[in-house]
1. Over all residues in B:129-135, what is the mean tally of Cβ atoms on other chains that come within 10 Å of each residue's Cβ?
2. Karplus couplings for the stretch B:145-153 from phi (6.51 cos²θ - 1.76 cosθ + 1.60, θ = phi - 60°), rounded to Hz, Gly and Pro as x?
3. For a 20 Å ceiling on Cα separation, which of these pairs sit above it: A:LYS9/B:LYS127; A:LYS134/B:LYS25; A:LYS98/B:LYS149; A:LYS80/B:LYS127; A:LYS7/B:LYS127; A:LYS51/B:LYS134?
4. Counting Lys +1, Arg +1, Asp -1, Glu -1, what net charge surrounds A:GLY22 among other residues with beta carbon under 10 Å of its beta carbon?
5. How many Å² of accessible area per residue for the stretch B:3-85, probe 1.4 Å?
6. Over the stretch B:24-138, with every protein chain in place, what whole percent of the accessible area is carbon and sulfur at 1.4 Å, could you tell me?
7. Take peptide A:89-101, look around each residue's Cβ out to 10 angstrom, count Cβ atoms belonging to other protein chains, and average those counts.
8. Report, as an integer, the average count of C-beta atoms from other chains found within 10 Å of each Cβ along B:17-24.
2 protein chains.
Amino acid sequence: MNYDEAKIKFVSTWGSLGTLWGINKAMAQIQALLFISTKPLSMEDIMADLKISRGNTSMNLRQLMDWGIVTKEIIPGERKEYFTTEKDVQELARTIAKERSRREIQPVIKVLKEVSSLKDDGTEKTKELIKQTKALHDITENADMMINKLVNQQQNWITKSLLKLIK
Amino acid sequence: MNYDEAKIKFVSTWGSLGTLWGINKAMAQIQALLFISTKPLSMEDIMADLKISRGNTSMNLRQLMDWGIVTKEIIPGERKEYFTTEKDVQELARTIAKERSRREIQPVIKVLKEVSSLKDDGTEKTKELIKQTKALHDITENADMMINKLVNQQQNWITKSLLKLIK
DNA sequence: TTTAACTTTCAATAATTTTTGAAAGTTTAA
DNA sequence: TTAAACTTTCAAAAATTATTGAAAGTTAAA
């Protein structure tokens with residue numbers, strides 16, 4: 001496997017993983033490309049490399065910026081805009097976890113809380129709905145908290161000690 | 001909010017969350033429906049409740065069974081097949097985590113390992129590709145292990161002590 | 001057996017999501 | 001200013017994914 005093959009394999013695999021987890025392929029691939037690039041890339045660079053249109057590139061770069069994992073880089077003397085992604089994998093994970101929590105998990109937790117606060121009318125089906133959504137609420141909130149906490153630590157020491165603890 | 005409103009809210013919210021995370025809406029909704037049902041449901045029941053076709057119901061039930069979170073229930077004297085989902089939220093989380101890991105994360109870890117084993121030809125871009133995919137490999141493998149470990153414990157004591165530890 | 005009750009399959013259709021590309025918008029150098 | 005270089009927007013098209021429904025398949029009671 002040479003460099004180009006490896007690069008293509010990585011970028012396309014990352015794109016497929018994205019798709020599987022509800023993230024648009026182009027968005028995942030652009031991020032992957034920036035992640036292994038040694039220098040900031042322009043829109044032209046990205047379009048050429050991934051063979052996608054200008055519009056697609058522009059829209060997905062914007063989304064990545066909204067997520068806080070890509071930033072515009074101004075290169076002095078250059079007219080074009082250049083882009084970079086967070087290079088520290090730990091920080092990247094932190095940001096993604098935080099954003100998915102805020103956008104997707106928190107609203108669900110809110111609904112689960114509402115539903116599980118339904119007044120108990122004494123029927124079995126109501127009792128079951130309350131019980132099960134409460135259980136879901138608790139585990140979701142718990143998992144969300146834990147992921148955010150974990151991802152906020154410096155893995156170095158914490159990972160090792162945690163892994164030891166729960167092994 | 002009465003029972004029916006609460007039920008609809010829960011089932012449709014769960015469906016939307018599924019979609020956001022790459023799970024087909026009908027599949028998520030069927031699981032949600034079974035999760036709050038006080039008794040096993042037949043295909044007819046599910047079709048009527050979610051207003052979806054027989055084919056759709058059949059295919060998604062099969063997928064849920066493949067995932068190991070729904071099981072066929074044979075009711076003596078009844079010709080129809082009935083279905084139930086795992087009711088214990090802890091066990092449910094364990095199964096889902098295990099399956100997503102096996103189907104989606106492990107293959108990606110394998111590719112990351114391959115790509116990061118690319119022979120260093122001394123160029124900067126190759127060094128960067130190796131470095132970054134190695135970092136991604138390590139964090140992905142680590143996160144995958146941790147989630148599986150965590151989800152395999154009895155939350156009771158472990159959650160509390162872990163939360164205390166990392167707070 | 002036969003037949004009725006039920007489930008699965010799958011080609012066709014519908015719905016949704018992604019992508020394109022060209023026009024409109026913006027910025028900066030001259 | 002003007003105009004060239006560049007970016008954004010968005011309606012239309014393409015691609016993908018989900019859903020339907022009827023025919024084929026299966027099972028079990030009579």
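1. Mean shielding by partner chains, rounded to a whole number: 5.
2. Along the stretch B:145-153, the couplings run 4, 5, 4, 5, 4, 4, 6, 8, 7 Hz.
3. Too far apart for the 20 Å limit: A:LYS134/B:LYS25; A:LYS98/B:LYS149; A:LYS80/B:LYS127; A:LYS51/B:LYS134.
4. Charge balance near A:GLY22 sits at 0.
5. 52
6. Numbers: 3140 of 6050 Å².
Of the solvent-accessible surface of the stretch B:24-138, carbon and sulfur hold 52 percent.
7. Working: counts 9, 2, 0, 3, 5, 0, 0, 0, 1, 0, 0, 2, 0.
The per-residue average across the peptide is 2.
8. Values: counts 7, 1, 1, 9, 7, 7, 3, 0.
Across the residues of B:17-24, the mean count of other-chain Cβ atoms within 10 Å is 4.
The values are calculated or read from the model by the stated rules, or taken from the named source; none is laboratory data. Here the structure is a predicted model, which is why all the values come from computation and not from measurement. Here the Cβ is made from the backbone with ideal geometry for all residues, glycine too, and neighbour counts use every protein chain on show. Surface areas here come from the heavy atoms of the whole protein model, side chains and all, with no ligands, DNA or RNA. Shrake-Rupley method; radii C 1.70, N 1.55, O 1.52, S 1.80 Å.
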